[in-house]
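Encoded as structure tokens, the structure appears first; notes follow it.
Read-outs throughout are calculated quantities, based only on the coordinates presented, and are distinct from any laboratory measurement. None of these values were measured; they are calculated from a predicted model. Glycine gets a Cβ as well: all are built from the backbone with ideal geometry, and neighbour counts include every protein chain shown.
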Amino acid sequence: MKNKLITISALILIIFSCAKTQVKDSLIESPHINQPVSATVLSKNVKDKSFADCVKKELKNNISTLKFIPEDKFREALFPWFEPSTYPKSVEKLGSMMNNHLVQDRIQSIGIRFIIFVGGYESKEKFGGPFIVAGGFGAVGALGYTSSDRKSEISAIIWDVKEMASLGDVQVEKSGSFKWIGIILPIPIPDFTKSKACSETAKRLSNCLTGKRSHTGNTIEDFDK
Amino acid sequence: MIYKRLILLFIFMFFFTSYWGCTRIINVNIDNIGNLPIPLIEPLPLIAGVYYGNDFRTYKISQTKDTDPVVTLFYNAQLGKANIALFDYILSNLFEKVIPVQYLPNGNKEIENIDIIIEPTVDYYNPLMCLRYEIIFYLPNGKKISWMISGTVEDAPIILTSNTAKKHAQIAMRDVAAKFMTGFCNQEDIQKYFYKQCNR
């Protein structure tokens, strides 16, 4: 019985741990943040802020000297300039916007150093595979295996408002699958692709902001994790 | 025995309503634009005349949408008051002076002492998708320019209620306000005709 449980647990772990990661990273080293500075994380999609929120949460954990201005407060203060349809699409356009003394004065009064734009999307395929749930005479059970491929992609770009420069961008794509295994009871094995993509993105942004980058320039990485 | 009958009745009612279809009626009355902040722009040194047509002031729409095989959505939406509130907000912040006008310029009747006349109209509204305005500018040289601005709601609500439709319309209107205020001077003819005022 014990051996059976160990075998089943090992199988579940093996299935659970399979996930593919692809990263495109062009972030460069930024000056070390030794004193508190302010940043804001803006969502590219106004209706789904979950990607921006999860990256911000991870960054807060990673960098204690970084103070965050809430996105809503930043957008209200800079309206109409940083709405999802009007925000500057390049650091050069940010530069032109900063020629507007009203915008410049407001950003200086807020004390923002970094603006981080985060966007993302999730794709989910339909479940496929033999899976039966049946019941009768006071009992119910499940048998089989079914899965749905999932993909989460997060992209982020950092602008240093003080230096008027872009620190580069990063795109992280995590692929996995949500599984249901039926061994009498239906056992869900979630994919966590979104949270993993979020952690990886925040880790890279943190390394950039704290000057811990071991390389500069564009990199494309593929790995299973 | 009685439980069996209740279960059978429930199953019958379920199929009965599914067969004939469910229709949900949504009444959407958008009478304000929500709380928009004071915009971070300097008013342009121009005198703008604004003309609100009757259709614009009293805009309403009724439509039927088959959102899925069972539910048919029928909505009545009224936007008139919010339309006026939106463009009063935009124009009063964008221009130094705004004057309401009672008629549009034509060859015989010109309007003096006004730099530009603006006539907004609703081109399209769908509570599930977007709100689009057509803005017509009448320039002093007699030229007429049209500019389409859409306010989008990126994710359609799963369940549409009066409150969510109102909230989404207000988000779309905020989007329209931001695009208008930041994009006005980027219109080619506006840039040409009002170069000094747009680039002071």
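State which entries of A:LYS60/A:LYS162; A:LYS93/A:LYS196; A:LYS60/A:LYS89; A:LYS124/B:LYS167 exceed 30 angstrom in Cα-Cα distance in the structure shown. Walk me through the intermediate numbers first.
Working: A:LYS60/A:LYS162 21 Å; A:LYS93/A:LYS196 32 Å; A:LYS60/A:LYS89 25 Å; A:LYS124/B:LYS167 28 Å.
Violating the 30 Å limit, Cα to Cα: A:LYS93/A:LYS196.
Describe numerically, in nm with one decimal, the distance between label points set 7 Å from Cα along Cα→Cβ at A:SER38 and at B:TYR3.
In this crude spin-label approximation the distance works out to 6.4 nm.
Work out, step by step, the length gained on full extension between B:ARG24 and B:GLU188: first 0.36 nm times the residue separation, then minus their alpha carbon distance; give nm to one decimal.
Length gained, B:ARG24 through B:GLU188: 54.5 nm.
What's the extension gain from B:MET129 to B:ASN199 if we count 0.36 nm per residue and subtract their Cα-Cα distance?
Working: separation 70, 0.36 × 70 = 25.20 nm, distance 3.54 nm.
Length gained between B:MET129 and B:ASN199: 21.7 nm.
Pick from B:LEU40, B:LEU139, B:LEU131: which residue has the top mean-square fluctuation in a GNM of chain B where Cα pairs under 10 Å get a spring?
B:LEU40
Once phi is turned into ³J(HN,Hα) by the Karplus curve 6.51 cos²θ - 1.76 cosθ + 1.60 with θ = phi - 60°, what whole-Hz value does each residue of the range A:67-76 show in order, with x for glycine and proline?
Result, ordered by residue: 9, 9, 8, x, 4, 4, 5, 5, 5, 4 Hz.
Using Cα positions and a limit of under 22 Å, work out the lysines in reach of B:LYS97, with same-chain residues fewer than 8 apart set aside.
Within the straight-line cut-off, B:LYS97 pairs with B:LYS81, B:LYS109, B:LYS143, B:LYS144, B:LYS179, B:LYS192, B:LYS196.
Using a Förster distance of 35 angstrom, determine the FRET efficiency expected from the C-beta separation of A:PHE127 and A:LYS60, and round it to 0.05.
Between A:PHE127 and A:LYS60 the formula returns 0.50.
For chain B, set up a GNM with springs between Cα atoms under 10 Å and report which of B:PRO37, B:PRO45, B:PRO140 has the largest fluctuation.
Among B:PRO37, B:PRO45, B:PRO140, the largest mean-square fluctuation in the Gaussian network model of chain B belongs to B:PRO37.
Between B:LEU104 and B:ILE11, how many nm apart are label points set 7 Å from Cα along the C-beta direction?
Calculated label separation equals 6.3 nm.
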